[in-house]
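Enquirer: Below you will find the structure I want to go over with you.
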Ligand SMILES: [Zn+2]
């Protein structure tokens, strides 16, 4: 499932390839996604220039020349493929998960430019594309989401006061998109390992120092993953058809029973189900 770093990698390649280009034609082959693609979608997008490709949390935001926006969410299994007219592409997928080549089935939408096509593929159909008419509606669309770890609003003061009196555990808060946007299950475990905090610790028991660590490592873990994802795009031949997880060096995620990677820690990685999601942590250095 794509998390913030994966979506950021897609954003970068899209921005590089379609920025300042005009949409010539749009073909919708299957409207059934999480939200049905409206009938007016094709005509709305046709003739628009893509000013730039932004991202907020796990949403890609295409800014259009008529001051409106097209948002794209990859859901559980969505991938964006770039197919060039003249160049024979070896790999079309802009992500490092799922098939590197354009699959034959589940290609829902094609956005056609002069020299290339952007194709949205989604076998499980939890993703969606949506037109947002203006900036104030765009802001409204994301009002339910908390800041991203990269935003200045995600500061010690914000984190510490959010946790005041909260009985819920810290792991659930990292996954709570109204507290912080863009952290998923894998990265939540990694952030807590880096911060030396046990996932089931009650949020109200965290000190200001703990909150500072949460702030710093949330940023660091996501940034490191963006960097690694970038390198595995260029190395697709090694991950043919695989999710790319093998290449990513997780510290605790999916490492149950293995020894802790922290220098001079002799602990082992445990797995525990917390709020219905599996959490991985070291039994010694995370307190
Ligand atoms: Zn340890």
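Enquirer: For the range 167-184, does any single residue satisfy the condition of being within 16 Å of the ligand (Cβ to nearest atom) and buried (at least 16 other Cβ atoms within 10 Å of the Cβ)? Spell out how you get there, then give the answer.
Expert: First, the residues of the range 167-184 that are within 16 Å of the ligand (Cβ to nearest atom): none.
No: zero hits.
Enquirer: Can you tell me how many residues within the range 124-133 are crowded, with 18+ Cβ neighbours inside 10 Å and either assigned to a loop (DSSP other than H, G, I, E, B) or over 22 Å from the mean Cα position of the chain (by Cα) (or both)?
Expert: Summing the residues that are crowded, with 18+ Cβ neighbours inside 10 Å and either assigned to a loop (DSSP other than H, G, I, E, B) or over 22 Å from the mean Cα position of the chain (by Cα) (or both) in the range 124-133 gives 1.
Enquirer: When you go through 133, 166, 213 one by one, which is the residue that is over 22 Å from residue 285 (Cβ atoms) and touching a helix residue (DSSP H, G or I) at 6+ places or on another chain (Cβ under 6 Å)? If you could, list the steps in order and put the result at the bottom.
Expert: Values: 133 fails: touching a helix residue (DSSP H, G or I) at 6+ places or on another chain (Cβ under 6 Å); 213 fails: over 22 Å from residue 285 (Cβ atoms).
Being over 22 Å from residue 285 (Cβ atoms) and touching a helix residue (DSSP H, G or I) at 6+ places or on another chain (Cβ under 6 Å) holds for just one of 133, 166, 213, which is 166.
Enquirer: From the list 283, 238, 246, pick out the single residue that is over 20 Å from residue 185 (Cβ atoms), surrounded by fewer than 18 Cβ atoms within 10 Å (Cβ to Cβ) and either within 15 Å of the ligand (Cβ to nearest atom) or modelled with pLDDT under 95 (or both). If you could, list the steps in order and put the result at the bottom.
Expert: On the way: 283 fails: over 20 Å from residue 185 (Cβ atoms); 246 fails: over 20 Å from residue 185 (Cβ atoms).
Criteria check complete, one pass: 238.
Enquirer: It is to be established whether one or more residues within the range 202-223 are within 19 Å of the chain's Cα centre (by Cα), surrounded by fewer than 21 Cβ atoms within 10 Å (Cβ to Cβ), modelled with pLDDT under 90 and more than 16 Å from the ligand (Cβ to nearest atom).
Expert: no
Enquirer: Sort out for me the strands (runs of 3 or more DSSP E) sitting completely within the range 48-98 that have 2 or more residues that are surrounded by fewer than 20 Cβ atoms within 10 Å (Cβ to Cβ), without any contact (Cβ under 8 Å) to a residue 60 or more places away in the chain and touching a helix residue (DSSP H, G or I) at 6+ places or on another chain (Cβ under 8 Å). It would help to see each step written out before you state the result.
Expert: Details: elements: 50-56, 59-64, 69-73, 79-84.
The qualifying strands (runs of 3 or more DSSP E) are 50-56.
Enquirer: Could I ask something else about it? Just checking, how many residues over the range 263-276 are touching a residue at least 24 places away in the same chain (Cβ under 8 Å) and within 11 Å of the ligand (Cβ to nearest atom)? Spell out the reasoning first.
Expert: From the range 263-276, those touching a residue at least 24 places away in the same chain (Cβ under 8 Å) are 272, 274-275; that's our starting set.
Next, from what is left, pick out any that are within 11 Å of the ligand (Cβ to nearest atom): none.
Final tally of qualifying residues: 0.
Enquirer: Part of a helix (DSSP H, G or I) and without any contact (Cβ under 8 Å) to a residue 24 or more places away in the chain - does that describe any residue in the range 141-158? Lay out the reasoning, then the answer.
Expert: Step one: filter the range 141-158 for residues part of a helix (DSSP H, G or I), giving 141, 156-158.
Then drop every residue that is not without any contact (Cβ under 8 Å) to a residue 24 or more places away in the chain, which leaves 157-158.
Scanning the range 141-158 turns up at least one residue that is part of a helix (DSSP H, G or I) and without any contact (Cβ under 8 Å) to a residue 24 or more places away in the chain.
The values are calculated or read from the model by the stated rules, or taken from the named source; none is laboratory data. The structure displayed is predicted, hence computed values, not measured ones. We place every Cβ from the backbone using ideal geometry, glycine too, and count neighbours over all the protein chains shown.
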